[in-house]
1. Just to confirm a number: summing +1 for Lys and Arg and -1 for Asp and Glu over residues other than Phe167 whose beta-carbon lies under 12 angstrom from that of Phe167, what do you get?
2. Quick one: helix 51-66 against the long Cα principal axis of the chain, what's the angle to the nearest 10°, folded into 0 to 90?
3. If you count, for each residue, the other Cβ atoms within 10 Å and average over each peptide, how do 103-116, 143-156 line up from highest to lowest?
4. What is the sum of charges around Leu142, taking Lys and Arg as +1, Asp and Glu as -1, for the other residues whose C-beta is under 15 Å from the C-beta of Leu142?
5. Can you tell me the convex hull volume per residue for segment 133-287, based on C-alpha atoms, in Å³ to the nearest whole number?
6. Find the all-direction average of the projected area of the Cα convex hull for segment 36-86, expressing the result in square nanometres with one decimal place.
7. With a 1.4 Å probe and every protein chain left in place, tell me how much accessible area Tyr266 has, in Å² to the nearest 10.
8. Can you tell me the alpha carbon radius of gyration of segment 20-108 divided by the globular rule-of-thumb value 2.2 N^0.38 Å?
Amino acid sequence: MNQQENIQILKCRDDPKPIFFKKESDHTPLQFVLTEDSGCSWIKKDETFGPEKIRSRVEPWLTALCQSEHLSLLIGAGLSYAVYDLATGNKPPGMTTVTFEDFDALIQKAAKKSAQLAGREGGNFEDQIRVANELLLGLEILGLEKDTELSKAKSLKEKISSLLKEFAEIILKQEHDLFNTPKEKLECAFNYLVSFLMSFASRTGTRDRLHIFTTNYDRLIEAGADIAGLYLIDRFVGFLSPIFRSSRLNIDLHYNPPGIRGEPRYVEGVVRFTKLHGSLDWIDCDKNIRRLGIPFGAATIEPYLQILGTDLEAFAL
């Protein structure tokens, strides 16, 4: 899919397959047209349509979906890209591939193969780090008998740590740039973010919690939840230095409605939250995962690492 053509994708209700459409032109009002290889029953091939046409299809379907008994929402990099673009007018730095001094060709080849097995065309930064960690484990095993392999393992481990540090700094800079945009644009972007989150989180007390899963490392969802007044249950316990407890799955907030007997109802405005790949403010500290109190938009992370008595070498996403 060509990103330069700004192609959008929609599939809902009785659509048998995804529908591809794009902006007719850069002029206002906003109008769309189907791509040449796309078609559907509710839009003619050469017909132009606006957001109202799309809304009439999406809103009834989305309303019914959000009130289903169980609801989970998977959020990827698209949300971060959209908010960053709305606020700054620029594209945030992506997870582009990096270069390793040693084993670069081998890591690139294995990362691409790993990505293709997952249904993606080429490898990204995460694929490379995953492959590099697997290679590191193999070198450390070989290093039990050969000092040369142990030296290679040490060099590779230092490179992985350096790349993770640089990647964390990129994410931190993205948050910092976003936080320091003009107030009007920042409010507009976060209004869209809050509206998006509340569309899914606004569920009655008799329905199961919304569960948000995200692969993002940034804290945009947490920032949006703070503004919207949503309480996130993320398995971290504590206030000053929260620690991750994977076994604490059933903690929740309930209340007993006045004059009603039976099972308590869920307190509204509470969402279960899982960051599948970790977070910018998570750190491995004494074999425990703790969450740091890094303000959104902070310029640097070093002072908060010093509070825990650690340093950048111990930093891990």
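The values are calculated or read from the model by the stated rules, or taken from the named source; none is laboratory data. None of the values given here were measured: they were computed from a predicted structure. A quick note on method: Cβ atoms are made from the backbone with ideal geometry, for glycine too, and the neighbour counts reach across all protein chains shown. For the accessible areas, the whole protein counts, side chains as well, though only heavy atoms, and no ligand, DNA or RNA atoms are used. Shrake-Rupley method; radii C 1.70, N 1.55, O 1.52, S 1.80 Å.
1. Details: positive: Lys165, Lys173; negative: Glu126, Glu166, Glu169, Asp218.
Spelling it out: positives minus negatives among the neighbours equals -2.
2. The helix 51-66 is inclined about 70 degrees to the chain.
3. 103-116, 143-156
4. Summing Lys/Arg as +1 and Asp/Glu as -1 gives -2.
5. Numbers: hull volume 25.2 nm³, N = 155.
Once divided by residue count, the hull of segment 133-287 is 162 Å³.
6. Values: hull surface 22.9 nm².
Computed as one quarter of the Cα hull surface, the answer is 5.7 nm².
7. Only protein atoms counted, so the area is about 50 Å².
8. Details: Rg = 19.6 Å, N = 89, 2.2 N^0.38 = 12.1 Å.
Compared with the compact-globule rule of thumb, segment 20-108 sits at 1.62.
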